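Before any comments, here is the structure.
The values are calculated or read from the model by the stated rules, or taken from the named source; none is laboratory data. On a predicted model such as this, the values are computed, not experimentally measured, just so you know. For neighbour counting, all protein chains shown are included, and Cβ atoms are generated from backbone atoms with ideal geometry for every residue, glycine included.
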Amino acid sequence: MLQIVKQMEEYMSEPKIKITEEYGELRVNSDIYSKETIFAVGYVLLDKAYILLDSDKKDTIIYIYPQKKKTDLKKLTMEFCNELLNYAHYFSRLENNAEAIKTIMQRALFSAAPSLVQEAEEKEIEDLIKELEEEDSTQEKPNASATHKSKK
């Protein structure tokens, strides 16, 4: 049991949250939270705090300076943590559901303007015909040169 505690202390060598009188410092593992997630959370809290970002070897360091003097820094820093989890979840769901979202949007647009469906189908048919013509022309060229050689 003592060995496990020592390993945990080595792993968490410094605190992930540090609160001072002037600012809150939050260290976030860059392998877990993307820059986009951190930026999104910072943007949401811009009306409550000034946000400064930095990084070291493994962590992104977020300094949170409150805009009002009587702000509870610990609460504000913990709110940042909650929003990190919220946005990380949102972005992972968005990535997983991207294809379904695309399909739904296409159906909605096509149902609003049926002429778009016809235009898309015509464009697809034109592209297929061009592909077939290109395939035919590449197949005919070797045959034509072989016929030309046999005439000599």
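Only residues that are exposed (fewer than 12 other Cβ atoms within 10 Å of the Cβ) and either outside the structural domain of residue 31 (by TED's automatic domain parsing) or within 25 Å of residue 31 (Cα to Cα) (or both) were counted across segment 44-74, and they come to 6. Every listed requirement among (1) surrounded by 10 or more Cβ atoms within 10 Å (Cβ to Cβ); (2) free of Cβ contacts under 8 Å to residues at least 24 places away in the same chain; (3) over 20 Å from residue 47 (Cα atoms) is met by residue 99 save one, (1). Just so you know, in segment 76-96 the residues that are charged (D, E, K, R) and surrounded by 12 or more Cβ atoms within 10 Å (Cβ to Cβ) include one that is farthest from residue 16 (Cα to Cα), and it is 83.
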